[in-house]
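Student: The structure under discussion is supplied below as structure tokens; questions concerning it will follow.
The values are calculated or read from the model by the stated rules, or taken from the named source; none is laboratory data. No experiment lies behind these values; they were computed from the predicted model shown. Here the Cβ is made from the backbone with ideal geometry for all residues, glycine too, and neighbour counts use every protein chain on show.
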Amino acid sequence: MSNLSLFFKNYTSKLNKAILNIDMSQLKMASNTLKTAIKKGNTIYVCGNGGSAAIANHYVCDFLKYFRQRSKYDPKIVSLSNSIETMSAIANDMDYKYVFKYQLESLYKKGDILLIISSSGNSKNIKEVVNFANSKKIKTIGFSGFSGGFLNKKAKVSLHIKAKNYGISEDSHHVLMHILLQYLIEDIKEK
């Protein structure tokens, strides 16, 4: 067996194990929280740094287009990671730790939810936005990896991937996003 073949088998085995160890009660709560927000027309805000920002922006793509095409609902979803102009202005004039919180302060309404993606769960801007959301009783769904950090402890719903590898964490968060998306389409159709 080649080194690549062995690496591939080991990686996909770790990925499978990480996903299968997700807390199903938390996944169900995440699904119900998202479903309620979509049905009531509330906004889902998403954010993350680096690779997690890309996953947050992918949520917007799939929920706005894919979900809308396959259901009678028009999900409202906004990425706080999407505007480099806004983020760099906040980071430059204030501090990078406020890039998500500052935006959410201006945008949120009662009933909106915040979905946070962070492999470490400990980035300063993640801590700031989670603390703000919790202080305003905004429901939070956190996707974390490694030990889960602050996000795992403070998010109202925590989807923690027990993996000590950024690739496994981020791949798992991506897979969970697609699972929630496709499950919700079927779940909403049945009701």
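Student: Output the residues belonging to the range 103-145 that are buried (at least 20 other Cβ atoms within 10 Å of the Cβ), in contact with a Lys or Arg (Cβ under 7 Å, 6 or more places away or on another chain) and farther than 18 Å from Lys76 by Cα.
Tutor: Asn125, Val129, Val130
Student: Which numbered condition trips up Ile77, out of (1) modelled with pLDDT under 95; (2) within 21 Å of Val175 (Cβ to Cβ)?
Tutor: So the condition that Ile77 fails would be (1).
Student: Which members of the range 24-42 meet the condition of being surrounded by fewer than 17 Cβ atoms within 10 Å (Cβ to Cβ) and β-branched (Val, Ile, Thr)?
Tutor: If the condition is that a residue be surrounded by fewer than 17 Cβ atoms within 10 Å (Cβ to Cβ) and β-branched (Val, Ile, Thr), then Thr36 is the only one that fits.
Student: If you take just the helices (runs of 4 or more DSSP H) that sit entirely in the range 1-114, which of them hold at least 2 residues that are touching a residue at least 40 places away in the same chain (Cβ under 8 Å)? First the steps, then the outcome.
Tutor: Working: elements: 3-20, 24-40, 51-61, 84-93, 101-107.
Answer list for the range 1-114: 3-20, 24-40, 51-61, 101-107.
Student: Next up: Do we have any residue at all in the range 85-95 that's crowded, with 17+ Cβ neighbours inside 10 Å, touching a Leu at 6+ places or on another chain (Cβ under 7 Å) and modelled with pLDDT of 95 or more? It would help to see each step written out before you state the result.
Tutor: At the first step, the residues of the range 85-95 found to be crowded, with 17+ Cβ neighbours inside 10 Å are 87, 90.
With touching a Leu at 6+ places or on another chain (Cβ under 7 Å) added as a condition, the list becomes none.
No, the range 85-95 contains no residue that is crowded, with 17+ Cβ neighbours inside 10 Å, touching a Leu at 6+ places or on another chain (Cβ under 7 Å) and modelled with pLDDT of 95 or more.
Student: When the residues of the range 115-171 are filtered to those that are charged (D, E, K, R) and part of a helix (DSSP H, G or I), which remaining residue is farthest from Val99 (Cα to Cα)?
Tutor: Within the range 115-171, the subset charged (D, E, K, R) is 124, 127-128, 136-137, 139, 153-154, 156, 162, 164, 170-171.
Still in the running and part of a helix (DSSP H, G or I): 124, 127-128, 153-154, 170-171.
On the way: Lys124: 10, Lys127: 11, Glu128: 9, Lys153: 21, Lys154: 19, Glu170: 21, Asp171: 24 Å.
Going through the qualifying residues, I end up with Asp171.
Student: Tally the residues that are touching a Lys or Arg at 6+ places or on another chain (Cβ under 6 Å) and closer than 15 Å to Leu181 by Cβ, restricting the search to the range 5-45.
Tutor: 1
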